[in-house]
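Participant: The following block contains the structure, expressed as structure tokens.
The values are calculated or read from the model by the stated rules, or taken from the named source; none is laboratory data. All of these numbers come straight from a predicted model, not from anything done at the bench. Glycine gets a Cβ as well: all are built from the backbone with ideal geometry, and neighbour counts include every protein chain shown.
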């Protein structure tokens, strides 16, 4: 039987376009080690591809769209196409890196090849290099495939044999012919007649309707939305997205959030959301938006959960599409930062009371750098729901609090990049790692042209909370 895309994966593929490319990204910044250059990074990725067979497969459509597309081995797979070398003009500032990231994220992936890319970026100030990754949402499902960063990063330095060429031993399966694809599709249609209508409807561009049907696929989404599902409040965050992107990052320290938690209660995730709330409030005021005490912005906050059918904790029970969407009305109209945090803590406590939420310490038991995969699953959660019921997505995944390495190079920072929905100008990803908390702000170049203001307001909002808890 063919390895057919799931209905959800196929919908992400159909939604992919010039204005809304459906890939998740990350910016991993490393110290430049004498043994870590482009060729070493290329060899490391080649070495680990054996754990990610989907990364050597491409999507093949069925003639006449009689069934969903299938995954087939890319007989012309070229690792040098997917892993590319880039450099910043001197001096390679963070701002120059962010501009490069924005341009890379704006370009859709080639559907004729495996749906991922990685860029080794040299020339950063401070003797640093960066690895920028792009992975399509159809690729990372948390069951059959995890994200590249989860297998490349390890807690100890490792040696990489650059002389080994895994491509010489990998034998791709024969590509099915059009006739074989048609025969398989017709055979499946006999058993599932509704599949033909669904496939044709999705391929014709009605992917939004298909996604609405699939809202319960990711982590029991329908049952997780305890908030009355109503249209999101109007906001300058919701505009028709263009094809351009802007990107910014914010660095903070985990100790700052722990100090606020000790003084005011709540969880680190609650404080992250309160920081985002304060930043969005100040950003909207700079835009001249009139705010009342009741003004809110609705965020979709994907939260990792355990599978009730899996006894005890296991990575299989966690990374298996078990990510619940949680709608949180962020009180941007409230001027007091402490009261904003109280509102958010109360709302998030309702989810914690369900007994399915996974504690941060449990997430850290996953192998490798799990946040990369969890951010991808969070983005899939957003893609499975109507973008009209929330204003933006905020994903937050804790990472290991010990140094991680790619080959001999130490990972300094990991900044997530969450894709934009059709009518949403801003998406925020947050990752904690080795004592730091990193915000990645992905914005539409027209709707969020002043993304640097949002970034500055995140730092200001965190300082306000610290002062309020002092």
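Participant: Of all the residues that make up the range 414-435, how many are farther than 29 Å from residue 13 by Cβ and crowded, with 18+ Cβ neighbours inside 10 Å?
Facilitator: If we filter the range 414-435 for residues that are farther than 29 Å from residue 13 by Cβ, which is where we start, we get 432-435.
Next, only the ones that are crowded, with 18+ Cβ neighbours inside 10 Å stay: 432-433.
The number of residues fulfilling the criteria is 2.
Participant: Assuming residue 136 fulfils every condition listed in (1) more than 12 Å from the chain's Cα centre (by Cα); (2) at pLDDT 90 or above apart from one, which condition is it?
Facilitator: Single failed check for residue 136: (1).
Participant: Scan the range 222-240 and give yes if some residue there is at pLDDT below 95, surrounded by 20 or more Cβ atoms within 10 Å (Cβ to Cβ) and at positive phi, otherwise no.
Facilitator: no
Participant: Consider residue 272 carefully, then state whether it is under 23 Å from residue 442 (Cβ atoms), in the same structural domain as residue 254 (by TED's automatic domain parsing) and at pLDDT below 95.
Facilitator: No.
Participant: Here is a follow-up. Out of the range 143-159, which residues are modelled with pLDDT of 90 or more and touching a helix residue (DSSP H, G or I) at 6+ places or on another chain (Cβ under 7 Å)?
Facilitator: Matches in the range 143-159: 152 only.
Participant: Suppose we keep only residues that are touching a helix residue (DSSP H, G or I) at 6+ places or on another chain (Cβ under 7 Å) and assigned to a strand (DSSP E or B) within the range 90-125. Which one would you say is surrounded by the most Cβ atoms within 10 Å (Cβ to Cβ)?
Facilitator: Result: 121.
Participant: Select from the range 451-465 the residues that are surrounded by fewer than 17 Cβ atoms within 10 Å (Cβ to Cβ) and either farther than 24 Å from residue 26 by Cβ or outside the structural domain of residue 237 (by TED's automatic domain parsing) (or both) and list them in ascending order.
Facilitator: 460, 463 - these are the residues of the range 451-465 that are surrounded by fewer than 17 Cβ atoms within 10 Å (Cβ to Cβ) and either farther than 24 Å from residue 26 by Cβ or outside the structural domain of residue 237 (by TED's automatic domain parsing) (or both).
Participant: Restricting to the range 52-72, give me the number of residues that are in contact with a helix residue (DSSP H, G or I) (Cβ under 8 Å, 6 or more places away or on another chain) and closer than 30 Å to residue 441 by Cα.
Facilitator: Adding up the residues that qualify gives 4.
Participant: With out of contact with any strand residue (DSSP E or B) (no Cβ under 7 Å at 6 or more places or on another chain), outside any strand (DSSP E or B) and surrounded by 15 or more Cβ atoms within 10 Å (Cβ to Cβ) as the only criterion, which of 9, 76 stands out?
Facilitator: Values: 76 fails: surrounded by 15 or more Cβ atoms within 10 Å (Cβ to Cβ).
Result of the check over 9, 76: 9.
Participant: Which residues, taken from the range 414-470, are closer than 18 Å to residue 271 by Cβ, at pLDDT 95 or above and part of a helix (DSSP H, G or I)?
Facilitator: Answer for the range 414-470, where residues must be closer than 18 Å to residue 271 by Cβ, at pLDDT 95 or above and part of a helix (DSSP H, G or I): 454, 455, 457, 458, 459, 460, 461, 462, 463, 464, 465.
Participant: Do you know which residues across the range 13-43 are in contact with a helix residue (DSSP H, G or I) (Cβ under 6 Å, 6 or more places away or on another chain) and not in a strand (DSSP E or B)?
Facilitator: 14, 15, 22
Participant: Quick one: is residue 147 in a loop (DSSP other than H, G, I, E, B) and within 19 Å of residue 47 (Cα to Cα)?
Facilitator: Criteria met by residue 147.
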